[in-house]
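Asks: Take this structure, written in structure tokens, and hold onto it; I'll ask about it next.
Readers should treat all values here as calculations from the given coordinates under stated rules, not as data from a laboratory. For clarity, every value in this text was computed on a predicted model and none was experimentally measured. Because the Cβ atoms are built from the backbone with ideal geometry, glycine has one as well, and the counts that use them run over all protein chains shown.
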Number of protein chains: 2
Amino acid sequence: MSEILHRLSVDLGERSYPILIGAGLLGSVDLSPWVEGSQVMIVTNETVAPLYLKGAEASFPGKSVSSVILPDGEKYKDWQTLNRVFDALLEERHSRKTTLVALGGGVVGDMTGFAAACYQRGVSFIQIPTTLLSQVDSSVGGKTGINHPLGKNMIGAFHQPSVVLIDTDTLKTLPPREVSAGLAEIIKYGLIREPVFLNWLEANMDRLTRLDTDAVAEAVYRSCACKADVVAQDEKEGGLRAILNLGHTFGHAIETFAGYGHWLHGEAVGTGMIMAADLSVREGMISQSDYQRVVRIVQSAVLPQLPPGNMTPDDFMSLMAVDKKNVDGQLRLVLLRSVGEAEVTADASKEHLAATLSAFCGQQ
Amino acid sequence: MSEILHRLSVDLGERSYPILIGAGLLGSVDLSPWVEGSQVMIVTNETVAPLYLKGAEASFPGKSVSSVILPDGEKYKDWQTLNRVFDALLEERHSRKTTLVALGGGVVGDMTGFAAACYQRGVSFIQIPTTLLSQVDSSVGGKTGINHPLGKNMIGAFHQPSVVLIDTDTLKTLPPREVSAGLAEIIKYGLIREPVFLNWLEANMDRLTRLDTDAVAEAVYRSCACKADVVAQDEKEGGLRAILNLGHTFGHAIETFAGYGHWLHGEAVGTGMIMAADLSVREGMISQSDYQRVVRIVQSAVLPQLPPGNMTPDDFMSLMAVDKKNVDGQLRLVLLRSVGEAEVTADASKEHLAATLSAFCGQQ
């Protein structure tokens, strides 16, 4: 049970890197060819460490491997916790040839990548994502960062890993809520530019929620391939890449309102995609039955379809005003041109947006 | 009195940028062509703000300009103070098209550059260095960062400015100690690869310490040109660029030992260059009279020639062990092959290093 089922290359010139996908890869694939120096620092959290730290350590034969174990949760995606990684690196005198390894979900991946981007002005890092969300999202694209009390992911860097190892067996220990959260991002790829994949997802959602190995590996591979294709065309989010944020502007507002960690990122994105689809209907871009199709697939992945009951349109407006996509105070949103095609717009009518917000607020 | 005396291009492909050097430029040169969006955030400190903030604000006609004033000093080059820049940017809702402006010395420049590197994963920045040290050092090369209690500049990024404006008139308000600190870095360029410039410095040191306008503009220009040439060949410090660290390994140890801010960076580099020259003699690389020439020019710039009296060889060894130039625990030093030529080596003999350290420690 340690076959590499899919191998994908993220094509970014001299920063290109491979993604290895399969069941049982952790501890059986030798990652030391991707480590330049002799030092390795694995960054993980207290939930993941007891399950997979030993396997990760075994992935670097012949290297000097140490580890730092962070508290688990989005609320720790802050400077204080990041600083524990710097403390460990400096106390153990890691040089600028060291390699950091992110073992865990999106929070660990974003923080470890940002630590690698900043430590001594930049060192290598490797990602071993252990949640479905991080396998299909943060493993491609090099976005790293931490939160600020006034906005999510506001402080960060673009920093590409040297290799990503995705062992789908790690999903077996994942709580069902987190599986659903990962499915939200997978659905997103179908909605923004992969109509054929969306059809496949509608037909196979049942296998995916049951974590059928082949179905999951296929969905992860097709998601990573979709994101890799977008990122290769637009690494620093000058244009196209912004479509990957479908559902994220509404979603980030929900996450910030609820307090980081109360809603999972993928849950907020699921609801956010439904809200974006609703606004797309009001803008005359998709039909009511297209909207229902979006609601159905989000529902089939066992994801929430409404924002927190006490969240008001004003809450949304003020939280969305700090979104990174905005330019010079202009709110930019990702909407659906059709089911399977997204576009970024700063032209959505204020009235339609207000109508969407009041339709979704105070409904729980 | 607002003539651009020298114009230099730092050649880094698509990240190339100009350096404008002259007297009285601040407030008279329009910098808005280098501002992409409508928002500008000037970052400065409480010493510089009363002197030059108005002039800096006047440099961006037609833009929406705000400012954040930090406390003055190397000891504030930390995360807490950096976070005040992020707070201001987020509170005033600066988008990713904003431009940060560093108005001040090296600390302000390094922090503002790092804030620009990290805010929303990277925004533009402009440098207006107001100290001699920052004009000849941090204005070229794109090194940005903050300190960690366990090491100087350990957390940072490479991030290039879009333009650098050097107004030599700002040096008129600089304390003499800071003029000397700047001269240390200027001398360094002569020592590492510009023997002709070193001769010029020996002949003109008196004009420089008196801040003669033409002499200072010439020295700043030749220093920036030297550094620009090195950086263009080796932006990320893979090799050649490391020679710019002559005197810095010993110097950083002194700064850390004394506590950030007690010794000026340039003062520590001045002493560090003498120590590096001493070790170069012991290694058989330069003669005793070469060494004396190094001591003389450092002395003529009114710089200290010995480390703190209570600093021991052991203090040096443990503080130098965390230097960023080290690779896999191997101490790397910049030594002089001749007066006017430096090289990086990991091969200096431990005995010679110990002899240099005991020769310089406990002498005050």
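Asks: Just tell me how shielded A:33-42 is by partners: mean number of partner chain Cβ atoms within 10 Å of each residue's Cβ, no decimals. Intermediate results must be reported in sequence, preceding the final value.
Replies: Details: counts 0, 0, 0, 2, 3, 3, 2, 0, 0, 0.
Shielding by partners across A:33-42 averages 1.
Asks: Still on this model: Under 1.5 on a/c is rounded, so check that first for the stretch B:1-155, then, if it is not, pick prolate when a/b is larger than b/c and oblate when it is not; a ≥ b ≥ c are the square roots of the alpha carbon gyration tensor eigenvalues.
Replies: Working: a/c = 1.37, a/b = 1.22, b/c = 1.12.
Rounded.
Asks: Just to confirm a number: summing +1 for Lys and Arg and -1 for Asp and Glu over residues other than B:Ala58 whose beta-carbon lies under 14 angstrom from that of B:Ala58, what do you get?
Replies: Cβ neighbours under 14 Å give a net charge of -1.
Asks: In straight Cα distance, which aspartates and glutamates are under 17 Å from B:Lys75, not counting same-chain residues fewer than 8 positions off?
Replies: B:Glu46, B:Asp110, B:Glu178, B:Glu255, B:Glu267
Asks: With unit charges on the beta carbon (Lys/Arg positive, Asp/Glu negative), name the residue among A:Val107, A:Gln120, A:Val68 whose Cα is farthest towards the positive pole of the charge dipole of the stretch A:4-172.
Replies: With unit charges placed on the Cβ atoms, the residue in question is A:Gln120.
Asks: In addition: For the stretch B:228-364, just the Cα atoms, rotate onto the principal axes and tell me the three extents in Å, largest first.
Replies: Result for the stretch B:228-364: principal-axis Cα extents of 40, 32, 30 Å.
Asks: Beyond 14 Å, what share of the Cα-Cα pairs of the stretch A:203-248 remains, rounded to the nearest whole percent? List each step's numbers first, then the result.
Replies: Details: 604 of 1035 pairs.
The calculated P(r) of the stretch A:203-248 puts 58 percent of pairs beyond 14 Å.
Asks: Could you work out how far the C-alpha centroid of the stretch B:25-53 sits from that of the stretch A:141-218, in angstrom?
Replies: 43 Å
Asks: Per-residue ellipticity at 222 nm for chain A, helices alone: DSSP H runs ≥ 4 residues times -39500 (n - 2.57), over residue total, nearest 500 deg cm²/dmol?
Replies: Numbers: 12 runs with 155 residues, N = 364.
Counting only the DSSP helices, I get -13500 deg cm²/dmol.
Asks: Moving to a separate point now. Relative to the compact globular guide of 2.2 N^0.38 Å, what is the alpha carbon radius of gyration of chain B, as a ratio? It would help to have the intermediate numbers written out before the result.
Replies: Working: Rg = 19.7 Å, N = 364, 2.2 N^0.38 = 20.7 Å.
It is 0.95.
Asks: Oh, and also: Which order do peptides A:122-133, B:286-297, A:301-312, B:138-149 fall in by mean Cβ count within 10 Å, highest first?
Replies: Going by the mean number of other Cβ atoms within 10 Å, highest first, we get A:122-133, B:138-149, A:301-312, B:286-297.
Asks: Sort shortest first the distances from B:Ser318 to its counterpart in every other copy, using label points 7 Å along the Cα-to-beta-carbon line, and give them in nm.
Replies: Copy-to-copy label distances for B:Ser318: 5.0 nm.
Asks: Shifting gears a bit: Report, in debye and to the nearest 20, how large the dipole of the protein assembly as shown comes out about its Cα centre when Lys and Arg carry +1 and Asp and Glu carry -1 on their Cβ.
Replies: Values: 62 positive and 84 negative charges, 5 e Å.
So the dipole magnitude of the protein assembly as shown works out to roughly 20 debye.
Asks: Please compute one quarter of the surface area of the Cα convex hull for the protein assembly as shown and express it in square nanometres. Spell out each step's value before the answer.
Replies: Details: hull surface 121.1 nm².
For the Cα atoms of the protein assembly as shown, the hull's average projected area reads 30.3 nm².
Asks: Also, quick follow-up: Could you work out the mean count of beta carbons from other protein chains within 10 Å of each residue's beta carbon in B:148-155?
Replies: The per-residue average across the peptide is 5.
Asks: Then there is this: From the mean inverse distance of alpha carbon pairs (Kirkwood) and the Cα radius of gyration, derive Rg over Rh for the stretch A:221-299. Intermediate results must be reported in sequence, preceding the final value.
Replies: Numbers: Rg = 14.0 Å, Rh = 13.8 Å.
In the stretch A:221-299, Rg relative to Rh is 1.01.
Asks: So for the stretch B:89-175, Kirkwood radius off the Cα pairs, Stokes-Einstein at 20 °C and 1.002 mPa s: how many µm² s⁻¹?
Replies: Working: Rh = 13.2 Å.
The diffusion coefficient I find is 162 µm²/s.
Asks: Report, as an integer, the average count of C-beta atoms from other chains found within 10 Å of each Cβ along B:117-127. Walk me through the intermediate numbers first.
Replies: Values: counts 6, 10, 5, 12, 16, 4, 0, 0, 0, 0, 0.
Per residue, the number of nearby Cβ atoms from other chains is 5 on average.
Asks: Please list, in chain and number order, the residues 5+ apart from B:Arg332 or on another chain whose amide H is under 5 Å from its amide H, with Hs placed from the backbone.
Replies: Long-range HN contacts for B:Arg332: B:Asn326, B:Val327.
Asks: Skipping prolines and chain starts, which residues have an amide H placed within reach, meaning under 5 Å, of the one on A:Ala342, given they are 5 or more residues away or on another chain?
Replies: Hits under the 5 Å cutoff: A:Arg337.
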